[in-house]
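The values are calculated or read from the model by the stated rules, or taken from the named source; none is laboratory data. Quick caveat: nothing in here was measured; it's all calculated off a predicted structure. Cβ sites come from the backbone with ideal geometry, for glycine too, and all protein chains shown count toward neighbours. Surface accessibility is based on the protein's heavy atoms, side chains included, excluding ligands, DNA and RNA. Shrake-Rupley method; radii C 1.70, N 1.55, O 1.52, S 1.80 Å.
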Amino acid sequence: MSPSQETTAWVLIVTCDSVPGIVAAFSRTLFETGGNIIEMNQYNDIANGQFFMRIYFTHPGGMTDDGLHAELAAVAGRFGAMWSLRNTAVRQKVLIMVSRFDHCLADLLYRWRIGELHMDPVAIVSNHPVEACGQVDMGTIPFHHLPITPQTKAMQEDRLRELIGQTGAELVVLARYMQILSDELSRELAGRCINIHHSFLPGFKGARPYHQAHRRGVKLIGATAHYVTADLDEGPIIEQSVERISHSDTAEDLIRKGRDIESRALSRAVHYHLDGRVIMHGMRTVVFGD
């Protein structure tokens, strides 16, 4: 097979006002340009009149990327849609941050090595020396020790910004990084920084808790993986995991089970993000699971 005959897999994300004909228009365009839809997910938010769609499709290499973009841009323009198109063959660059608890880091690297997470880890950053994660096989991934104190926080974050720029990191993962990012950095990383919270989020107080939960898009009760925002632990929830406990569980049992649910929730959230399955929708997310 010549290079011009090879097919490429793409993920198309579309968000727009909900009107008739969106699915038909994009499907027809992909068909007419030689594409083959492998998987399609869609969701109509009836209450807010918003439409969300993810299409995973293959396309012959004979058509240039620019040509495909132009065809899809024309359709998106008709609906006033926000859209993105990603070549799945290109691995996203990921920077992972960690403190003393390294179980989430170890899990992410294991899943990456076996091909479960389609990413390219470009750096590991910690506010502790590498010895704090001495049990984790980091291979050749560069490790950066960026200590932090209240007096040096701004300088530490400037150095972090430099690393993100130098490595071209498209996603930052806080794998039990036990430091709070500044409001400024949180805003800069909006939609591309995932945190794992070792607790059940959010905690609803006052009247109408189920209405509050609906507004926040709760997925499960358990450890919570969410996008980082300037509002501490209030970012849009991507994934949650749960584990049952009993009266016979000790505090050490809870810690052990907690490590598992944290790792599980974070790895799923990172997978969904890398696979283009998460669409931010205000304080909520639309997650097209696989």
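Could you give me the ³J(HN,Hα) list for region 165-172, computed from phi with Karplus coefficients 6.51, -1.76, 1.60 and θ = phi - 60°, whole Hz, x at Gly and Pro?
x, 5, 8, x, 4, 9, 9, 10
Take the solvent-accessible surface of the protein heavy atoms, probe 1.4 Å, and return the percent of it on region 65-118 that carbon and sulfur atoms account for.
Values: 1490 of 2800 Å².
Result for region 65-118: 53 percent of the exposed heavy-atom area is carbon or sulfur.
Could you tell me how many degrees, from 0 to 90 and to the nearest 10, lie between the Cα long axis of helix 103-113 and the main elongation axis, the longest principal axis, of the Cα atoms of the chain?
Tilt relative to the chain: about 40 degrees.
Which cross-chain or sequence-distant (5 or more) residues have an amide H under 5 Å from the amide H of GLU234, H modelled 1.01 Å from N in plane?
Correct list: THR229.
Which percent of the accessible heavy-atom area of region 234-290 goes to carbon and sulfur, probe 1.4 angstrom?
Of all accessible area on region 234-290, carbon and sulfur atoms account for 51 percent.
Mind sorting out which of [x] 35, 25, 18; [y] 35, 19, 17; [z] 32, 24, 21 is the real semi-axes √(5λ) of the Cα gyration tensor in Å computed from the coordinates?
So the structure-derived entry is [x].
Dipole size in debye (nearest 20) for the chain around its Cα centre, Lys and Arg Cβ +1, Asp and Glu Cβ -1?
580 debye
Starting from region 1-102, pick out the trypsin sites (Lys or Arg not before Pro) whose DSSP state is loop and whose Cβ has at most 13 other Cβ atoms within 10 Å.
Here the sparse-neighbourhood loop sites are ARG100.
Please work out whether region 1-103 counts as rounded, prolate or oblate from its C-alpha gyration tensor, where a ≥ b ≥ c are the square roots of the eigenvalues and a/c under 1.5 means rounded, while otherwise a/b larger than b/c means prolate and anything else oblate?
oblate
Please list the non-local residues whose amide H lies under 5 Å from the amide H of HIS197, H modeled 1.01 Å from N, same-chain partners needing a gap of 5 or more.
The list, which skips near neighbours in sequence, is THR224, ALA225, HIS226.
If one takes the longest principal axis of the Cα atoms in the chain, at what angle in degrees, from 0 to 90 and to the nearest 10, does the Cα axis of helix 251-274 lie?
The angle comes out near 20 degrees.
Mind checking region 214-268 for trypsin sites (Lys or Arg not before Pro) that DSSP puts in a loop (not H, G, I, E or B) and that have at most 11 other Cβ atoms within 10 Å?
Passing sites in region 214-268 are ARG244.
Antiparallel versus total DSSP beta bridges in the chain: what percent is that, nearest 5?
The antiparallel fraction comes to roughly 70 percent.
Using a probe radius of 1.4 Å on heavy atoms only, what accessible surface per residue do you get for region 29-142? Whole Å² is fine.
Accessible area per residue, region 29-142: 50 Å².
Per residue, how much accessible surface does region 247-290 expose to a 1.4 Å probe? Answer in Å², no decimals.
Result: 48 Å² per residue.
Give me the percent of accessible area attributable to carbon and sulfur for region 1-61, probe 1.4 angstrom.
Accessible surface attributable to carbon and sulfur in region 1-61 totals 53 percent.
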